[in-house]
Structure formats: structure tokens, C-alpha cells
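The block underneath contains the structure these notes are about, expressed in C-alpha cells.
The values are calculated or read from the model by the stated rules, or taken from the named source; none is laboratory data. In this text, all values refer to a predicted model and were calculated from it rather than measured experimentally. Heads up, the Cβs are rebuilt from the backbone with ideal geometry, glycines too, and the neighbour counts pull from every protein chain shown.
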Amino acid sequence: MSNRILLGCVRAAGGHAALLAVAALLGAAAGLVIPWAIGRTVDAVLLGGPGPWIVVTAALVLVAAGADVLAEFAAVTGTARATAHLRRALLTRIFTLPHPIGRPAGDLVARIGGQAADAGSAVGAIVGGLVSVLPPLGSLVALALIDPWLAASLVTGLVLLTVLLRGFVVRASVSAQGYQRVQGMIAGLLAEAMAGARTIAAAGTAETEIRRVLRPLPELGAHGRGTWAALAVAAGRTAALAPLTQIAVVAVAGVLLTHGRLSPGELVAALQYAALGAGLGAILGTLHRLVRARSGAGRAAEIIGARPRAHGTRVLPPGGRGTLRLDDVTVRAEDGHVLLDRLTLTVPGGATVAVVGRSGAGKSTLAAVAGRLRDPDQGTVRLDGVPLAALDPEALARAVGYGFERPALAGATIGDAIAMGRDHAFVPGAARIATIDAYITRLPRGYATPLADAPMSGGEAQRIGLARALHGDRLLVLDDASSSVDSVTEARIASALLHETHGRTRLVVTHRRATAAGADLVAWLDGGRLRALAPHGRLWADAAYRAVFAPDGGA
């Protein structure tokens with residue numbers, strides 16, 4: 001999978017990868033011809049004049065320099081295109097994975113950020129790696145053409161250098177993989193800490209959190225030192241072997257010159273080819289980039305290779321009223337803890353059902369499975385008789401709208417944040433139902449105000465999220481979506497939802513008694529099970545139900 005991702009990055013670079021290959025080959029070819037041209041120039045000078053060879057040498061140098069510039073441009077541009085392609089693929093797969101994904105947000109950001117860029121650099125690393133072996137091999141061929149003994153003296157050094165570089169790749173790969181893994185772990189811990197920054201500050205536990213986030217730092221440092229140690233050892237050994245290889249070639253060339261088997265120009269060419277051939281250690285940098293690219297591709301492969309959430313092709317029957325049915329639904333946390341336990345519940349079409357219960361009762365989990373933000377481990381969830389898993393994703397998205405306690409708003413403008421890629425025609429009406437229209441019209445540019453330029457409170461953000469949820473034409477799932485507004489505003493929202501949502505079914509997670517009292521039915525959850533489904537007035541006679549709304553019992 002990692003190799004397929006690397007090849008995919010090369011393909012994504014498009015013409016830039018081809019341009020890089022051509023430029024690199026041209027530069028390598030010019031570099032191999034230059035020593036021969038210099039040798040011919042030396043012989044020509046000794047015979048009375050340089051002739052045309054000095055011009056040929058100068059032209060080859062210019063070609064090599066131009067090819068290097070062109071290759072650098074192609075490598076940078078191709079890497080940018082490949083990185084963008086891989087990041088898009090990662091984001092696409094992340095949004096299609098079953099929830100919960102099971103990886104911290106910070107870890108995913110690390111993969112999409114720096115590690116995708118590492119993998120994207122494969123364009124230059126692969127092409128550069130393939131082309132970088134041409135100078136040593138070409139030098140070996142050139143020396144063989146000048147005299148086989150020269151080639152023989154180079155071979156031993158090349159074999160030793162190749163073994164050395166192979167050992168470097170193995171050691172550096174282990175360190176690079178470990179480094180990127182721990183880097184993602186730290187990013188995940190940091191994201192968790194940032195999400196709870198206000199709580200941490202209020203509790204005065206900042207130092208404890210800093211220690212928790214940085215606890216893996218020694219392991220990260222060990223992997224980083226391992227990478228650089230492998231590079232340093234390989235570079236040091238290469239630095240020792242390369243001169244010895246050159247000395248061997250020079251010594252043989254000197255003997256051949258004294259016996260008249262080499263001309264002075266051929267001696268000069270042999271010395272330069274020896275330098276090129278023994279310069280296999282220069283590939284270290286390219287190999288290092290390739291190791292990092294392959295490690296980054298491996299991290300991407302873990303996400304891209306994960307099985308996406310399956311979807312069906314069915315659509316909802318026309319005329320349905322949004323009847324929601326959960327049959328024997330069980331949901332478990334990653335640690336095996338049961339969140340919903342064989343829950344069976346029917347939400348009548350067009351009705352408002354409030355979901356209440358103590359903390360940990362399973363309210364938000366029920367809200368998640370109701371619109372297929374999460375699939376149950378057991379049981380079936382149906383909307384108007386159609387299993388959610390069998391629905392076409394577009395049909396599901398049109399049918400169900402979600403409002404959250406802390407909505408993440410996305411889009412260039414306020415209007416975009418409500419429309420979420422859909423027709424803007426419904427935006428003003430949805431804003432009015434969510435009682436956020438007055439706030440928006442006071443903004444300098446109204447619905448066209450950039451989202452980043454619109455200061456808003458938590459309640460205003462909730463109401464924008466609630467307006468966005470109103471695109472759902474059969475089922476509205478509101479998970480504490482008005483918890484940050486005052487009671488008067490909440491009453492207005494509740495009234496608008498009841499009378500202006502065209503008979504859509506409403507599943508409302510709440511901890512407020514007034515909201516439960518205004519609902520048609522209350523689903524009372526306790527320990528992941530449905531304890532009762534009845535009107536609020538009937539349940540109020542139960543002291544345990546009343547305790548749900550006590551200051552220490554709700555949410």
C-alpha cells in the first residue's frame with residue numbers, strides 16, 4: 001500500500017514528474033560527458049591547441065547547470081501537486097470512515113500536514129534516486145572503455161558503498177517510522193489539551209497537562225537521534241571509503257600512464273570519473289528523503305487503506321413522515337464499554353421526542369446513530385422503514401439535519417455556513433426559525449459577512465448550527481443544540497421548530513425540563529437502556545425522573 005501511494009504521488013505530479021526525469025537525465029548525461037570532453041581538451045592543448053573541445057566543454061557545463069535548475073523547479077512544483085493530491089485523498093477517506101475513527105484529531109492533522117508532505121516529496125526522491133545511480137554506473141562504464149583495469153579498481157569500492165547504504169536505509173527506516181508515530185501521538189495529546197484549554201486554565205492544571213503532552217518527547221528524541229546517527233555513521237564511512245576508492249583508481253591510472261597505455265587527457269578524465277564513481281555517498285541525502293517519504297506514505301496508507309463506511313443505493317419512499325425506528329440497537333465504546341444496550345425505540349413521524357437522562361446514559365450516542373453519524377454494533381436503525389445503512393448518502397444527507405451543542409461552522413461566509421453547499425434560498429427562513437436572523441442582519445454585510453469576521457457568542461454559534469440543521473427534510477436531530485441560549489430564546493426556538501418545520505420529526509437531546517415538557521414524548525435513558533417512553537407529565541410523578549433534572553443529575 002505504501003508503494004502504491006508513492007507511485008500515486010508521482011502520477012499526481014503529472015508533467016512535472018516527467019520534466020524532472022528528463023531534466024535529471026539530461027544533467028546526469030552532461031555530467032558524464034564533461035570529463036571525457038575535458039580529457040580531449042587536455043590532449044588537444046598538449047598537441048598544440050584546444051581546438052573546438054573547450055567550446056564543447058563549456059556548452060556541456062551550461063547544459064548541466066540549466067538541467068539542474070529545471071530539475072529543481074520540477075521537483076518543487078511536482079512535490080506541491082503530489083502533496084495536495086495526497087492530502088485530498090486523506091481528507092476524503094477520513095470523512096468516509098465509520099465513526100468513531102479511533103484516532104485523535106491531532107494525529108490525523110500530523111498525517112495530513114507534515115507526513116503527507118514527506119510522502120509528496122517522493123516525486124523528487126524516486127526520480128532523483130533512480131537518476132543518482134547513473135553517475136557511478138556511467139563512470140564505471142567510462143573507465144572500462146578507457147581501460148578495464150581502471151573499472152576493476154572502482155568496483156570494489158562501489159560494492160562496499162552499496163552495502164553501507166543498504167544498512168543505512170534499514171536503520172533510518174525504523175527510526176523515521178518511530179519518529180512519525182510518536183509525532184502523531186504528541187499532536188493527538190496536544191489537540192485534546194487545546195480542546196479543554198478553558199477547563200485546564202480554570203483548574204490550574206496547566207503544568208500537569210504540559211507534562212502529559214510532552215511525556216512521549218524522550219521517545220521522539222530517541223528516534224530523531226537514531227535517524228541522524230544512522231546518517232552520520234553512513235556519511236562518515238562513505239567519507240572514508242570514497243577517497244580510498246579514488247586513490248585506488250588514481251594509482252592504477254598512474255601505472256597505466258607510465259606504461260604508455262593512457263594519454264594525459266585520459267588520465268584527467270579517469271580522475272574525474274573516479275570522483276564521480278566514488279561519489280555514491282552523495283546518494284545519502286536522496287535515500288534519506290526516500291526513507292522519510294516511504295514512512296509518510298505508510299502513515300497515509302493506514303488511513304487510506306482503512307475500510308470506508310458502506311452505503312446503499314436506496315432512497316426514502318415518497319410521502320414518508322420521518323418515522324424513526326431503532327430495533328435492538330447496541331453500541332460499544334472502543335474499550336468494550338456498552339453505550340447503548342439492546343435499545344428499541346420508535347419515534348413517530350412528525351413528533352417531537354425529547355431524550356433525557358443522567359450523564360453517561362447514552363443520549364449523544366442515540367443522537368449519533370439516529371442519523372448514521374455512527375453505526376450500531378448490533379441492531380438496525382430505520383427511517384420510514386428503510387435501514388439507514390441501505391440509503392444512498394445523498395438521500396440520507398437530504399433527509400437528516402443535525403444540530404450540535406458546539407457546532408463546527410465551515411464556509412467562507414455566514415450564509416455559506418448555513419447552506420453547507422446547498423441552495424442558499426432556504427437560508428433566510430432557516431435563520432429566522434433558529435432566531436439568528438436579527439444577529440445576521442446587524443452584521444456589516446449580512447449573510448455575505450465572512451465567517452472569520454463575524455464575532456459570535458456560543459449561543460449565536462449554536463443557532464447558526466441549528467439553522468444549518470434545518471435542511472433535513474424528514475428528521476431533525478438536535479443534540480443539546482440550544483443549551484447556550486437563554487430560556488426565552490429557547491422557548492421561541494422550540495415554538496418555531498414545532499410550528500414551522502413542516503411536520504418533520506424532531507429528536508431533541510436536552511437536560512432542560514421546559515424542553516422535555518414541550519415535547520410530545522420523552523425517551524428516558526438510563527445506563528444505555530430505554531427506561532421509559534411517555535409524556536413528560538406522566539413521568540414527572542417518578543422521583544427518579546425528576547432527579548434527572550436536578551442540578552447534579554442532568555446532561
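Looking at (1) more than 26 Å from the chain's Cα centre (by Cα); (2) surrounded by 22 or more Cβ atoms within 10 Å (Cβ to Cβ); (3) not in a helix (DSSP H, G or I), can you tell me which one L443 breaks?
(2)
Confirm whether G48 is more than 30 Å from R307 (Cα to Cα) and at pLDDT below 85.
Values: more than 30 Å from R307 (Cα to Cα): yes; at pLDDT below 85: yes.
Judged against the criteria, G48 is a match.
Take the range 415-427 and flag every residue that is surrounded by fewer than 18 Cβ atoms within 10 Å (Cβ to Cβ) and under 18 Å from G403 (Cβ atoms). Talk me through it step by step, then tell me what you get.
Going through the range 415-427, the residues surrounded by fewer than 18 Cβ atoms within 10 Å (Cβ to Cβ) turn out to be 420-426.
M420, G421, R422, F426 - these are the residues of the range 415-427 that are surrounded by fewer than 18 Cβ atoms within 10 Å (Cβ to Cβ) and under 18 Å from G403 (Cβ atoms).
I need the full set of residues from the range 327-359 which are among the small types (G, A, S) and touching a residue at least 12 places away in the same chain (Cβ under 8 Å), in order please.
G349, G350, A351, A354, G357, S359
Can you tell me how many residues within the range 392-401 are surrounded by fewer than 23 Cβ atoms within 10 Å (Cβ to Cβ) and either touching a strand residue (DSSP E or B) at 6+ places or on another chain (Cβ under 9 Å) or among the hydrophobic types (A, V, I, L, M, F, W, C) (or both)?
Looking only at the range 392-401, we keep the residues that are surrounded by fewer than 23 Cβ atoms within 10 Å (Cβ to Cβ), and these are 392-395, 397-398.
Retained after the next criterion (residues that are either touching a strand residue (DSSP E or B) at 6+ places or on another chain (Cβ under 9 Å) or among the hydrophobic types (A, V, I, L, M, F, W, C) (or both)): 392, 395, 397.
Going through the range 392-401 one residue at a time, the tally reaches 3.
Please give the number of the condition R422 fails out of (1) at pLDDT below 90; (2) more than 34 Å from the chain's Cα centre (by Cα); (3) not hydrophobic (A, V, I, L, M, F, W, C).
That leaves (2) as the condition not met.
If you scan the range 322-352, which residues turn out to be of a type outside the set (A, V, I, L, M, F, W, C), over 20 Å from L391 (Cα atoms) and either surrounded by 19 or more Cβ atoms within 10 Å (Cβ to Cβ) or not assigned by TED's automatic domain parsing to the domain that holds L497 (or both)?
Residue satisfying the conditions is T352 alone.
Select, from A67, A17, the only residue that is closer than 28 Å to G114 by Cα and in a helix (DSSP H, G or I). First the steps, then the outcome.
On the way: A67 fails: closer than 28 Å to G114 by Cα.
Step by step, each of A67, A17 is checked, and only A17 is closer than 28 Å to G114 by Cα and in a helix (DSSP H, G or I).
Going by the structure shown, is L137 more than 37 Å from the chain's Cα centre (by Cα), under 27 Å from R294 (Cα atoms) and aliphatic (A, V, I, L, M)? Please lay out each step first, then the result.
On the way: more than 37 Å from the chain's Cα centre (by Cα): yes; under 27 Å from R294 (Cα atoms): yes; aliphatic (A, V, I, L, M): yes.
Here the answer is yes, as L137 does meet what is asked.
Among the residues of the range 42-63, are any aromatic (F, W, Y) and under 30 Å from A191 (Cβ atoms)? Write out each step before concluding.
To start, the set of residues in the range 42-63 that are aromatic (F, W, Y) comprises 53.
From the residues that got through so far, the ones that are under 30 Å from A191 (Cβ atoms) too are none.
The answer is no; no qualifying residue exists.
Where in the range 122-234 are the helices (runs of 4 or more DSSP H), entirely inside, with at least 2 residues that are touching a residue at least 60 places away in the same chain (Cβ under 8 Å), more than 23 Å from P104 (Cβ to Cβ) and in the same structural domain as A269 (by TED's automatic domain parsing)? It would help to see each step written out before you state the result.
Numbers: elements: 122-132, 134-146, 148-195, 197-203, 206-214.
In the range 122-234, the matching helices (runs of 4 or more DSSP H) lie at 122-132, 134-146, 148-195.
Every residue, every condition in (1) surrounded by fewer than 16 Cβ atoms within 10 Å (Cβ to Cβ); (2) touching a strand residue (DSSP E or B) at 6+ places or on another chain (Cβ under 9 Å); (3) modelled with pLDDT of 85 or more, yes or no:
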{"site": "N3", "(1), (2), (3)": "yes, no, no"}
{"site": "G15", "(1), (2), (3)": "yes, no, yes"}
{"site": "L20", "(1), (2), (3)": "no, no, yes"}
{"site": "L25", "(1), (2), (3)": "no, no, yes"}
{"site": "D43", "(1), (2), (3)": "no, no, no"}
{"site": "I54", "(1), (2), (3)": "no, no, no"}
{"site": "A59", "(1), (2), (3)": "yes, no, yes"}
{"site": "A71", "(1), (2), (3)": "no, no, yes"}
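Does any residue in the range 534-545 that is touching a residue at least 40 places away in the same chain (Cβ under 8 Å) and closer than 10 Å to A517 by Cα come within less than 8 Å, Cβ to Cβ, of a residue that is in a helix (DSSP H, G or I) and among the basic types (K, R) six or more places away or on a different chain, and which pairs are these?
H536/R513
Would you mind finding the one in D147, D107 that is under 18 Å from A191 (Cβ atoms) and either in contact with a helix residue (DSSP H, G or I) (Cβ under 9 Å, 6 or more places away or on another chain) or crowded, with 23+ Cβ neighbours inside 10 Å (or both)? So that I can check it myself, show each step before the final result.
Numbers: D147 fails: under 18 Å from A191 (Cβ atoms).
None of the others qualify; the one that does is D107.
Report the residue count in the range 335-374 for those that are within 36 Å of the chain's Cα centre (by Cα) and part of a strand (DSSP E or B).
Total meeting the criteria: 7.
All but one of (1) modelled with pLDDT under 85; (2) part of a helix (DSSP H, G or I) hold for A89, so report the exception by its number.
Every condition holds for A89 apart from (1).
Would you pick out the residues in the range 428-440 that are buried (at least 17 other Cβ atoms within 10 Å of the Cβ), of a type in the set (A, V, I, L, M) and either outside the structural domain of A491 (by TED's automatic domain parsing) or outside any loop (DSSP other than H, G, I, E, B) (or both)?
Answer for the range 428-440, where residues must be buried (at least 17 other Cβ atoms within 10 Å of the Cβ), of a type in the set (A, V, I, L, M) and either outside the structural domain of A491 (by TED's automatic domain parsing) or outside any loop (DSSP other than H, G, I, E, B) (or both): A430, A431, I433, I440.
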